[in-house]
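Have a look at the structure below, then the notes.
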Amino acid sequence: MGAFKEAHGGILKDGYLGEKAAEEEKIKAREYVSWDLTSRQLCDIELILNGAFSPLEGFLDKVDYESVLTEMRLASGLIWPIPITLDVTPAFAEGLSEGQSIALRDPEGVLIATMKIGDIWTPDKNTEAVSVFGTENQAHPGVDYLMNQANEVYLGGNLNGVDPPQHYDFRLLRDTPSELRGHFRKMGWRKVVAFQTRNPMHRAHQELTFKAAIEQEANLLIHPVVGMTRPGDIDHYTRVRCYEKIIKRYPEQTTSLSLVNLAMRMAGPKEAIWHAIMRKNFGCTHFIVGRDHAGPGKDPDGQPYYGPYEAQELFKKHEKELDISMVPFQQMVYVEDRAQYLPVDKTTPDMKIMTITGTEFRRRLTEGLEIPEWYSYPEIVEELRKTHPPRSKQGFVVFFTGLSGSGKSTIANALLVKMLVNGDRRVTLLDGDVVRQNLSSELGFSKEHRDLNITRIGYVASEISKHGGVAICAPIAPYRATRRQVRALVEENAGFIEVHVATTLETCEKRDRKGLYAKARAGLIKGFTGIDDPYEEPENAEIVIHTETLSPDLAAHRILVKLESLGFQR
Ligand code: PPS
């Protein structure tokens, strides 16, 4: 019998109080100080309390934390690779003492659990980064979270679960470990191979998982992560709709789909061990570890953080004590002349191998290009296209920036009219002056107020473009950092085209249509852009326009041509 069964005498416990005790705990908790759980902590606490992280019964205390970092084990000696910690702000930690109970709540204030504080300490995050991720490089998403998002102080202690975190989506597909074990028992499944994924599943995944199940003469559990995955991944709503479709491609009664609210760390080999422990707790007997399991992508120099099969090697070393078997898999490739998928190590040089990388797949989606059926089932592609339409159907923002009087509004208006004539886009113009009359009427021209003004424009533009619309913005937007912020916000869901209307100060001043430059020179207007307030020129604008040599009509035309070349405009 393996260590994990022994840990709980063969019975998997959950961490929730009984109904009456939970009611009493809720009353006591009114007197406790409350911590609002972060998104990641909400994922972690759910899996601690439902037993998926068994043998953990709470957030790690200091001895366990240090032991996990140095030995990859809890202080009891049980293997455990990832520190599950409750990070809080120094301000919250101040005044807390060991032995004190605190209330842990979701963002709506619902009490999830109480925790009796065992330890309070300030971790050395660099040591943690190197131990868990093997690097301090903040381009690694796990390190980035640790260094830039996780709070400074850790609290350790056991939990008393009161209410599980609420979910409004896909409830029927979310199972606790005991529910899933019950399901396997009911189905008579004695051997279950688990497949972990954070991506939509294509043909290669389906071939791989089905092959794994056949080889092991086992049933299959598709167990995707719907908590937190790598930033930039396809959202879980879309993915789950895809999983629901692909599950129909497996022979009936052989395969189950269940969702796990895990917050991934992208820690590669160590994460693979963690994933396996969890799947064991969910009642699985086998776990698929493929190429680059839970990999964080490449570092800024293009080097992978972990070897492609490093997770399999680490797993092999600990397989016995983990008490769940690894099903190692090589990358699957499509062999055209056989119209069949094969593991890459089973191919011979005379075979014609076809592959499409993830990057190429995304490019084809973005550009609305064909995706062959050997790569993905049509119903999966159709589902993905709904939330990831081609560029010509995606929203975008044309963000003009330039000095007062540079010609931004004139060109923006010309662009608006040309787009309205084309007629295939819904366009909103957020002109500097118009915004100041409506959205920002109480603001002046201090740095703080200008930033607020631009942030508001950015927010509105990002909402418009997120839903497929086009926003044309034409403020001065004199500060680089604020423009960068707006770009980042918009680019989460849409395109961003920065247009620098680079009319020189000399020309603007000579034109002085509103007479403002004269007033600024005379000291009647203070903090005027270009006179006594800075204009920080864009460094990477998509388009630079010199109005001295280009008419507004031609300038707008140039922007349309650029939009066409980027695929946003047909
Ligand atoms: S900002 O910096 O982006 O928030 O400015 P914006 O909202 O585009 O507003 C610029 C217009 O306000 C008038 N104006 C001033 N501009 C710059 N500096 C100062 N101190 C100032 N005071 C008033 C000016 O008419 C700008 O209009 P445009 O259309 O740019 O010429």
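Cα extents of segment 391-566 along the three principal axes, largest first, in whole Å?
49, 34, 28
Which one, T209, G297, Y145, projects farthest toward the positive side of the charge dipole computed for the chain from Cβ point charges (K/R +1, D/E -1)?
My answer, from the dipole projection, is T209.
Accessible area per residue, 1.4 Å probe, Å², for segment 19-161: what's the number?
41 Å²
At a probe radius of 1.4 Å, what is the per-residue accessible area of D163, in Å² to the nearest 10?
50 Å²
Read phi for every residue in segment 80-94 and hand back ³J(HN,Hα) as whole Hz from Karplus 6.51 cos²θ - 1.76 cosθ + 1.60, θ = phi - 60°, with x for Gly and Pro.
Along segment 80-94, the couplings run 7, x, 10, x, 9, 10, 9, 8, 10, 6, x, 4, 6, 5, 4 Hz.
Short version: what are the Cα gyration tensor semi-axes of segment 125-216, square root of 5 times each eigenvalue, largest first, in whole Å?
Ellipsoid semi-axes (Å, largest first): 33, 23, 14.
Roughly how big is the chain's charge dipole about its Cα centre, with Cβ charges of +1 (Lys, Arg) and -1 (Asp, Glu), in debye to the nearest 20?
With Lys and Arg at +1 and Asp and Glu at -1, about 1600 debye.
Report E509's accessible area, 1.4 Å probe, all protein chains in place, as a number in Å² to the nearest 10.
The value for E509 is about 50 Å².
Could you tally the net charge around V68, taking each other residue with its Cβ under 11 Å from the Cβ of V68, Lys/Arg +1 and Asp/Glu -1?
Within the 11 Å Cβ shell, the charges total -2.
When Lys and Arg each count +1 and Asp and Glu each count -1, what net charge do the other residues less than 13 Å away from P107, Cβ to Cβ, add up to?
Summing Lys/Arg as +1 and Asp/Glu as -1 gives -1.
Quick query: amide H of D533 versus all other amide H atoms, modeled in the peptide plane; which residues come in under 5 Å with a sequence gap of 5 or more or a different chain?
Here F528 satisfy the definition.
Straight-line reach from K191: which aspartates and glutamates fall under 12 Å, measuring Cα to Cα and dropping same-chain residues less than 8 apart?
Filter leaves E215, E217.
Could you tell me the center-to-center distance, by alpha carbons, between segment 200-215 and segment 239-268 in angstrom?
11 Å
Given the alpha-carbon gyration tensor of segment 220-373, what are the semi-axes of its equivalent ellipsoid in whole angstrom, ordered largest first, with each equal to the square root of 5 times an eigenvalue?
The answer is 25, 20, 19 Å, longest axis first.
Taking a threshold of 23 Å on the Cα-Cα distance, which of the pairs K26/K280; K211/K386; K408/K510; K13/K280; K62/K320; K26/K62 fall above it?
K26/K280; K211/K386; K62/K320; K26/K62
Does anyone have the angle between helix 447-466 and the longest principal axis of the chain? Alpha-carbon axes, 0 to 90°, nearest 10?
Rounded to the nearest ten degrees, it is 70.
When the convex hull of the C-alpha atoms of the chain is computed, what volume per residue in Å³ does it have?
Each residue corresponds to 193 Å³ of Cα convex hull volume.
How much accessible area does L111 have with a 1.4 Å probe, in Å² rounded to the nearest 10?
Number for this one is 10 Å².
Distance between Cα centroids, segment 490-506 to segment 384-406: provide it in whole Å.
Comparing the Cα centres of segment 490-506 and segment 384-406, I get a distance of 10 Å.
Once every Cα of segment 287-358 carries one equal point scatterer and solvent is ignored, give the base-10 log of I(q)/I(0) from the Debye formula at q = 0.22, 0.28 Å⁻¹, two decimals.
Scattering profile of segment 287-358, log10 relative to I(0): -1.00, -1.17.
What list of ³J(HN,Hα) values in whole Hz, one per residue of segment 281-292 in order, does the Karplus curve 6.51 cos²θ - 1.76 cosθ + 1.60 (θ = phi - 60°) give from phi, with Gly and Pro shown as x?
Rounded to whole hertz, the list is 5, 7, x, 8, 9, 9, 9, 7, 10, x, 6, 6.
Which order do the peptides 192-202, 399-409 take when ranked by the mean count of other beta-carbon atoms within 10 Å per residue, highest first?
Ranked from most to least packed, the peptides come out as 399-409, 192-202.
Over the chain, with every protein chain in place, what whole percent of the accessible area is carbon and sulfur at 1.4 Å, could you tell me?
Carbon-and-sulfur percentage of accessible area, whole number: 49.
Report the relative contact order of segment 391-566, percent, no decimals, based on alpha-carbon pairs under 8 angstrom and at least 6 residues apart.
34 percent
Nearest-5 percent of antiparallel DSSP beta bridges in the chain?
About 35 percent, rounded to the nearest 5.
Tell me, what is the Rg over Rh of segment 176-243, with Rh the Kirkwood radius over Cα pairs?
Radius of gyration over Kirkwood radius for segment 176-243 works out to 1.01.
Mind checking the per residue accessible area of segment 318-431 for me, 1.4 Å probe, whole number of Å²?
Heavy-atom SASA per residue in segment 318-431 reads 49 Å².
Which value, in debye to the nearest 20, describes the size of the charge dipole of segment 19-161 about its Cα centre when Lys and Arg Cβ atoms bear +1, Asp and Glu Cβ atoms bear -1, and nothing else is charged?
160 debye
Roughly how many nanometres apart are two label points built 7 Å out from the Cα toward the Cβ at K20 and A75?
3.4 nm
Assuming a viscosity of 0.890 mPa s and a temperature of 25 °C, what translational diffusion coefficient in µm² per second does Stokes-Einstein assign to segment 478-551, Rh being the Kirkwood radius over Cα pairs?
174 µm²/s
To the nearest 10 degrees, how steep is helix 480-491 against the longest Cα principal axis of the chain, on a 0 to 90 scale?
Orientation of helix 480-491: about 60 degrees from the principal axis.
What is the sum of charges around E491, taking Lys and Arg as +1, Asp and Glu as -1, for the other residues whose C-beta is under 15 Å from the C-beta of E491?
+2
Starting from the Cα-Cα distance between V130 and S551, subtract it from 0.36 nm times their residue separation and give me the gain in nm to one decimal.
Taking V130 through S551 to full extension adds about 145.9 nm, to one decimal.
Along each of the three principal axes of the Cα atoms of segment 19-161, give the extent in whole Å, ordering the values from largest to smallest.
Dimensions of segment 19-161 along the principal axes of its Cα atoms: 45, 32, 24 Å.
Just to check I understand the Karplus step: with θ = phi - 60° and J = 6.51 cos²θ - 1.76 cosθ + 1.60, what whole-Hz values come out for segment 144-156, glycine and proline as x?
For segment 144-156, the Karplus curve yields 4, 4, 4, 7, 10, 10, 5, 6, 7, 10, 10, 10, x Hz.
If you put +1 on each Lys and Arg Cβ and -1 on each Asp and Glu Cβ, how big is the dipole of segment 250-326 around its Cα centre, in Debye rounded to 20?
140 debye
The values are calculated or read from the model by the stated rules, or taken from the named source; none is laboratory data. Owing to the predicted nature of the structure, the values given are computational and were not obtained by experimental measurement. Neighbour counts run over all protein chains shown; Cβ positions are idealised from the backbone, glycine included. Side chains are part of the model used for accessible areas, which takes the heavy atoms of the whole protein and leaves out ligands, DNA and RNA. Shrake-Rupley method; radii C 1.70, N 1.55, O 1.52, S 1.80 Å.
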